[in-house]
1. Mean separation of Cα pairs under 8 Å and 6+ residues apart, divided by the residue count of the chain: what relative contact order is that in percent?
2. So for region 2-251: antiparallel DSSP bridges make up what percent, rounded to the nearest 5?
3. Normalised by the empirical 2.2 N^0.38 Å for globular proteins, what value does the Cα Rg of region 137-212 take?
4. GluC sites (Glu not before Pro) within region 1-59: which are DSSP loop residues with at most 11 other Cβ atoms inside 10 Å?
5. When you have a sec, figure out the Kirkwood radius of region 5-114 from all distinct Cα pair distances and drop it here in Å to one decimal?
6. In whole Å, what three semi-axes, largest first, describe the equivalent ellipsoid of region 94-157 built from its Cα gyration tensor (square root of 5 times each eigenvalue)?
7. When N is the residue count of region 2-251, what does its C-alpha Rg come to as a fraction of 2.2 N^0.38 Å?
8. May I ask you to derive the relative contact order of region 1-85, considering only C-alpha pairs under 8 Å and at least 6 residues apart, and to give it as an integer percent?
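None of the figures in this text is laboratory data; all of them are computed from the coordinates on show. From a predicted model like this one, the values you see are computed outputs, not experimental measurements. Positions of Cβ are backbone-derived with ideal geometry, glycine not excepted, and every protein chain shown enters the neighbour counts.
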Amino acid sequence: MKESVVVIPTYNEIENIEAIIRKIFSLPHLFHILIVDDNSPDGTAEAVLRLQTEYPDRLFLEQRKGKLGLGTAYIHGFKYALRAGYEYIFEMDADFSHNPKDLIKLYKACNEDGYDLAIGSRYSNGVNVVNWPMSRVLLSYFASRYVRFITGMPIHDATAGFKCYHHRVLETINLDRVKFIGYAFQIEMKFLTYMYGFKIKEVPIIFTDRTKGQSKMSKGIIKEAFLGVIQMKVASYFRKFDRRKIASVAALL
């Protein structure tokens, strides 16, 4: 089985893509990278194709026809990674808001400590966010508190998008039934992992807002997340979760 692949969805990340790829490949662990690009008009995919000549066995590109949503990009990448036989499947942003060095922390949480899902958490040890306006910090922080209250998940950073999954989590979750496509996707994937009883750990990180490129956050994304949490919780009462193991969330409390 292949070991580690980092799935990075992109749309107009030409200013960041080469630097993030080179930084990940400089780490003291053999990561592969899968870029899932939604037909970026700024040439992001073309830049990846050029870099593939340097890293033909480690850098992979999946090009989609248009901007189809963050959640569907990750689902596409997860299915690719499962077909390719990777053991550890990571997700992160392309804009350096997630420090590539923290991939090592997430890997060790799963590979050495035995967790099924490791979350790069902004809020498990205070509030560790740099360069965000206070309004956005408060929105993100209280959104996670809201999710925790509604769902019962003992997770401090419910909307985090920096994660490492053991392949068995993604094989257990029916990816075709994942409903949300925006940032609510991040909440839904954590909720499903929790409901199936997998072992989850939050790994403290420092989140730094992008310095290049534009954020994809919108009011529609926020609305989907707010209403989606309630829909997700209600739907869980009518769905059977075949727990493969007893839930172990003590590390989150």
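1. 22
2. Around 25 percent of the beta bridges assigned by DSSP in region 2-251 are antiparallel ones.
3. It is 1.14.
4. E54
5. Computed over region 5-114, the radius equals 14.1 Å.
6. 23, 18, 8
7. Compactness ratio reported: 0.95.
8. Averaging sequence separation for qualifying contacts and normalising by length gives 36 percent for region 1-85.
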